[in-house]
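The values are calculated or read from the model by the stated rules, or taken from the named source; none is laboratory data. Keep in mind that what you see is a predicted model, and the values were worked out from it rather than measured. We place every Cβ from the backbone using ideal geometry, glycine too, and count neighbours over all the protein chains shown. Accessible surface is based on the protein model in full, side chains and every heavy atom, while ligands, DNA and RNA are left aside. Shrake-Rupley method; radii C 1.70, N 1.55, O 1.52, S 1.80 Å.
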Amino acid sequence: MATTRKELENLAPGEARSRGKQIQELLDEETVEVPWQLRHSEYTYLGSEPLDRDHYISQEWCDKEIENMWSRIWQLACFEQDIPEVGDHIVYDIVDWSFIIVRTEPDTIRGFYNSCLHRGRRLCENEAESANKPEFRCPFHGITWNIDGSLKTIPPSIDFDFPHVDVEKFGLPEVRCEIWDGFVFINMDDDAEPLMDFLGDITKHFERWPFATRWKATHTAKIVNSNWKLAQEAFMEAFHVLATHPQMSIGLLGGDGSNTEYNIYDGGDANWSRMTMAPPMPNPNLPYELTEEELMEEMFFRGESVSEMGVQKMEGSVEDLPEGTTTRKLLADTARPNANGYVGLPPTDVELTSAIQYHIFPNISPWPGPIFYRHRPYGRDPDKCVMEIMMMVALPEGAERPPAAKIRWLGEDEHFGSIFNQDVENVAQVQRGLKAAKPPGGLTLGNYQDIKVRWHHRLLEKWVNREI
Ligand code: FES
Ligand SMILES: [Fe+2]
């Protein structure tokens, strides 16, 4: 592995990797068969050009994103389990638009523009509420639609004034709505490609860790003081861990983050990407020398810094462990008996001990593990966004799924948790720092570890410039 600038000269841009074991080398050490998804590892160098900071701070850019991307792209509106019964519906707001997503029949979910055809009032008010109603009655003058969008009634007291309304054609305008693996997507573009074509091969990857049977156990949202892309990009690379989350550098969630594998697919044209954070191991990039024994001692026997992360303390000492035992092996063996949601082969150590995070363009991040993110613009304000974290729990086979959690909005002084709060505070400072830069102020990205950020902006530019 390259360690000096001199050695780097012999490598093509993007070829250099952090010191220490790479994810694919860890997979070579597995004692069970490795699913093909983990071996599907692609990276393409996409250049080292500076990234335009206008993408984050310019109102003009923000407006173009809305006009040219958000109005035409597949986006997650809700989960099927949010609206399990006929008549259940949920409101999805994006920028100035609002949609009612409703289960009209046991196997049919449809979406409608959340706007009355009389004088335009929002028909359903509250995004945080999902509710079961046999109809959509406008609170302004009482015109009412059936859950399938057809007109139910114009109140008799006002009906005389609408002779020009063809009641057969006065249905609520519909938005395209398609489902993949329990996710309900919408698209305002009637000519858009089918959802499954848009998603591509990620659908095959998640045959291993299906979502449709998981349980949405928690769902929290917060208005964050940064552009939606900045907040999302806090989860598109892991090498900020050492500086931003020093308490994690020896922790369960992946060492110092520097041996993370980054994947973009189809030369960066696929609408999805992935990163896999390495499990805890004696990483040569840590600012201190650490042996496997010292790490195990810290994690399992002394455990002060990690007990809060759910590692079970063990009796005895490191000397009692069989020769060749590693931290990640021990962690995997502890997690294996309670591991659910793996289809096909038994779970590998890497799956049980790494944070594997996928991203689907433009704004969701499904994990094989339980964490799930969505980031949305907050109205038309480039300086704010809505950040959502959900826990999508795989249940034991045969277990009954409890009702899905409803969205809970955190107030200004409430936090997702200490690690997430470090990210939230950080991105607010990035947003301000970007504005403080001397013009033109381009951003200098890492060739490998920032590849998902570059991938995201490359696709975004194509949408905004209408090349897609
Ligand atoms: S605005 Fe909805 S009934 Fe008048
Ligand atoms: Fe972070």
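For this structure, a couple of remarks:
- Per the listing Glu397, Glu467, Glu414, the residue uniquely away from ligand 2 (no atom under 16 Å from the Cβ), at pLDDT below 95 and either hydroxyl-bearing (Ser, Thr, Tyr) or part of a loop (DSSP other than H, G, I, E, B) (or both) is Glu397.
- Test: residue in the range 397-420 that is on the phi > 0 side of the Ramachandran plot, open to solvent by less than 50 Å² (accessible area, probe 1.4 Å) and more than 20 Å from the chain's Cα centre (by Cα): no
- For Leu151, the conditions (1) surrounded by 14 or more Cβ atoms within 10 Å (Cβ to Cβ); (2) in contact (Cβ under 8 Å) with a residue 24 or more places away in the chain are fulfilled apart from (2).
- Per-region count, the range 92-115, residues over 26 Å from the mean Cα position of the chain (by Cα) and either farther than 27 Å from Thr218 by Cα or surrounded by 13 or more Cβ atoms within 10 Å (Cβ to Cβ) (or both): 2
- Contact map, the range 95-114: residues that are closer than 30 Å to Gln59 by Cβ paired with residues that are surrounded by 21 or more Cβ atoms within 10 Å (Cβ to Cβ) and hydroxyl-bearing (Ser, Thr, Tyr), Cβ distance under 7 Å, separation 6+ or inter-chain. Pairs shown: Phe99/Tyr92; Ile101/Tyr92.
- Filter result (touching a Phe, Trp or Tyr at 6+ places or on another chain (Cβ under 9 Å) and either in a loop (DSSP other than H, G, I, E, B) or within 30 Å of Thr220 (Cβ to Cβ) (or both)) within the range 149-161: Gly149, Ser150, Ile154
- Evaluated against (1) at pLDDT 95 or above; (2) touching a strand residue (DSSP E or B) at 6+ places or on another chain (Cβ under 6 Å), Ala238 falls short on exactly one condition, (1).
- Number of residues in the range 178-216 that are in a strand (DSSP E or B), open to solvent by less than 30 Å² (accessible area, probe 1.4 Å) and of a type outside the set (Val, Ile, Thr): the value is 5.
- Test: residue in the range 116-138 that is modelled with pLDDT of 95 or more, polar (S, T, N, Q) and open to solvent by 40 Å² or more (accessible area, probe 1.4 Å): no
- Qualifying residue in the range 129-148 (condition: in a loop (DSSP other than H, G, I, E, B), more than 30 Å from Glu351 (Cα to Cα), assigned by TED's automatic domain parsing to the domain that holds Ile90 and under 26 Å from the mean Cα position of the chain (by Cα)): yes
- Flag for Asn114 being more than 16 Å from ligand 2 (Cβ to nearest atom), in contact with a Gly (Cβ under 6 Å, 6 or more places away or on another chain), at negative phi and among the polar types (S, T, N, Q): no
- Selection count, the range 50-90, where residues are open to solvent by 10 Å² or more (accessible area, probe 1.4 Å) and of a type in the set (Val, Ile, Thr): 3
- Taking (1) touching a helix residue (DSSP H, G or I) at 6+ places or on another chain (Cβ under 7 Å); (2) open to solvent by 40 Å² or more (accessible area, probe 1.4 Å); (3) of a type in the set (Asp, Glu) in turn, Asp333 satisfies each apart from (1).
- Residue in the range 432-441 that is open to solvent by less than 60 Å² (accessible area, probe 1.4 Å), part of a helix (DSSP H, G or I) and more than 16 Å from ligand 1 (Cβ to nearest atom) present: yes
- Within the range 135-150, considering residues that are more than 9 Å from ligand 1 (Cβ to nearest atom) and out of contact with any Gly (no Cβ under 6 Å at 6 or more places or on another chain), the one farthest from Gln81 (Cα to Cα): Trp145
- Selected residue (criterion: modelled with the lowest pLDDT) from residues of the range 282-300 that are open to solvent by less than 20 Å² (accessible area, probe 1.4 Å) and not in a helix (DSSP H, G or I): Leu286
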